[in-house]
1. Could you tell me which of ALA287, SER237, GLY96 has its Cα farthest along the dipole of the chain towards the positive end, charges placed at Cβ (Lys, Arg +1; Asp, Glu -1), taken about the Cα centre?
2. Would you grab the residues whose amide H sits under 5 Å from the one on ARG98? Only those 5+ places off in sequence or on another chain, please, with H modelled 1.01 Å from N.
3. At 1.4 Å probe size, with the rest of the protein present, what percent of the exposed accessible area of the chain is carbon and sulfur atoms?
4. Using unit Cβ charges (K, R positive; D, E negative) and no other charged atoms, how large, in debye to the nearest 20, is the dipole of the chain about its Cα centre?
5. Apply the Karplus parameterisation 6.51 cos²θ - 1.76 cosθ + 1.60, with θ equal to phi minus 60°, to every residue of the range 232-246 and state each ³J(HN,Hα) to the nearest whole Hz, in sequence, with x for glycine and proline.
6. Can you list the lysines whose alpha carbon sits under 24 Å from that of LYS205, skipping same-chain ones fewer than 8 residues off?
7. Take each of the peptides 219-227, 319-327, average the number of other beta-carbon atoms within 10 Å over its residues, and list them starting from the highest.
8. Springs between alpha-carbon pairs under 10 angstrom, Gaussian network model over the chain: which of ILE298, ILE337, ILE60 fluctuates most?
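The values are calculated or read from the model by the stated rules, or taken from the named source; none is laboratory data. Predicted model only: the values in this text are computed from it and were never measured. Cβ placement follows ideal geometry from the backbone for every residue including glycine, while neighbour counts extend to all protein chains displayed. For accessibility, only protein heavy atoms count, side chains too; no ligands or nucleic acids. Shrake-Rupley method; radii C 1.70, N 1.55, O 1.52, S 1.80 Å.
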Amino acid sequence: MAKHVLTPFLLGSLELKNRYVVAPMTRVSADEDGKANEKMAHYYKRFANGGFAMVISEGIYTDTLHSQGYFNQPGLATEEHVEAWKPVVRAVKENGARMIAQLMHAGGQNQGNAYTETSIAPSAIAPKGEQLGFYHGSGPFKTPKAMDEKDVQNVIQSFASAALNAKRAGFDGVEIHGANGYLLDEFLTDYLNKRTDEYGPTLEKALTLFIKIIEAVREATGPDFLVGIRISQGKVSDQLYKWPNRENDAELIFSTLGNTQLDYIHVTDKDGTAPSFGEGTKSLAEAAKMYSNDKPVIANGYLHEFEKAEKLVNDQHANLISIGTGALANPDLPLLIEKDEALRPFQPQEILMPIADIKEAELHQEILSKK
């Protein structure tokens with residue numbers, strides 16, 4: 001019987017050989033000044049060799065102001081950054097996969113910035129929880145500065161300029177990071193957005209910023225460059241968070257995004273197949289598909305198990321499946337699925353501890369080859 005996850009798909013103008021995508025994962029392995037390097041090229045190349053159709057980069061900061069969230073995070077803010085990414089992107093594309101740059105502004109969920117000790121956010125309210133030790137963090141998050149209009153305009157422009165830099169570096173597209181508690185997601189979060197202007201506190205007003213960024217990115221990159229967005233409810237700092245009006249909020253968010261020039265919506269949840277708004281409700285992927293006027297949807301959340309991924313695609317709740325930790329353990333996951341071979345278990349202590357940087361053992365792991 002044919003496996004639908006292994007069938008081709010046309011995403012925008014990109015022809016993808018199967019439905020498997022590498023999810024963005026922070027690996028804090030860039031040079032101190034944000035330049036991508038040879039280790040990262042080797043790391044990303046393995047996923048292309050392992051049969052993935054598309055690779056989405058880790059979150060890449062967009063400017064030399066407040067966007068960086070982690071020390072040793074890569075950037076796309078300078079000419080040096082653009083040049084450093086070129087061999088990384090080339091290594092992926094020459095081995096049969098597409099590559100997308102995820103553009104990220106950390107906002108108040110900032111653990112380390114080489115350019116400033118100040119963070120900015122919708123309001124002067126610190127995220128919940130504590131910083132992540134395996135990303136060089138410790139203690140509670142700082143209280144950020146509430147963004148003024150100049151800050152807002154700087155953010156919009158930074159996404160546009162970073163998107164253009166991604167295009168110049170050879171990426172096939174960009175993904176705007178609107179998830180996981182970073183800046184854009186903070187605007188969608190009721191307890192973090194207490195603004196009284198055109199960007200808050202209501203969800204409708206918060207989405208104004210999303211629309212402006214999408215329009216600016218599209219204008220900067222042109223009509224044929226792939227532009228997507230990532231959305232979640234949970235956050236790095238508050239994993240159990242749910243939108244207050246649950247599916248009604250989902251309908252507003254996804255219908256608004258569905259009326260933009262986005263090429264896809266990427267949703268992430270703890271379990272990508274589970275009800276996301278309470279018992280008996282839709283998964284986040286199903287809601288995105290239904291309310292976005294049938295935009296292509298990438299689903300993420302413990303979907304390395306073939307049966308879960310196949311059901312999402314068969315049920316037309318998602319078009320593509322992104323794999324995170326399952327891909328770290330199985331850079332050759334699509335080839336393993338094709339050959340009906342067992343997947344390797346994810347070993348967090350070996351890969352993410354004590355720091356979640358790229359380990360030499362990962363780079364020398366023996367994997368199946370499509371060649």
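1. Projecting each Cα onto the dipole axis, the largest value belongs to GLY96.
2. Result for ARG98 returns MET54, VAL55.
3. The C+S portion of the solvent-accessible surface of the chain is 50 percent.
4. The calculated dipole for the chain is roughly 420 debye.
5. Each residue's phi maps through the Karplus curve to give 8, 9, x, 9, 3, 8, 7, 5, 8, 4, 10, 4, x, 9, 6 Hz.
6. The reachable lysines, counting only those whose Cα sits under 24 Å from LYS205, are LYS128, LYS145, LYS150, LYS194, LYS235, LYS242, LYS289, LYS295.
7. 319-327, 219-227
8. The residue that fluctuates most here is ILE337.
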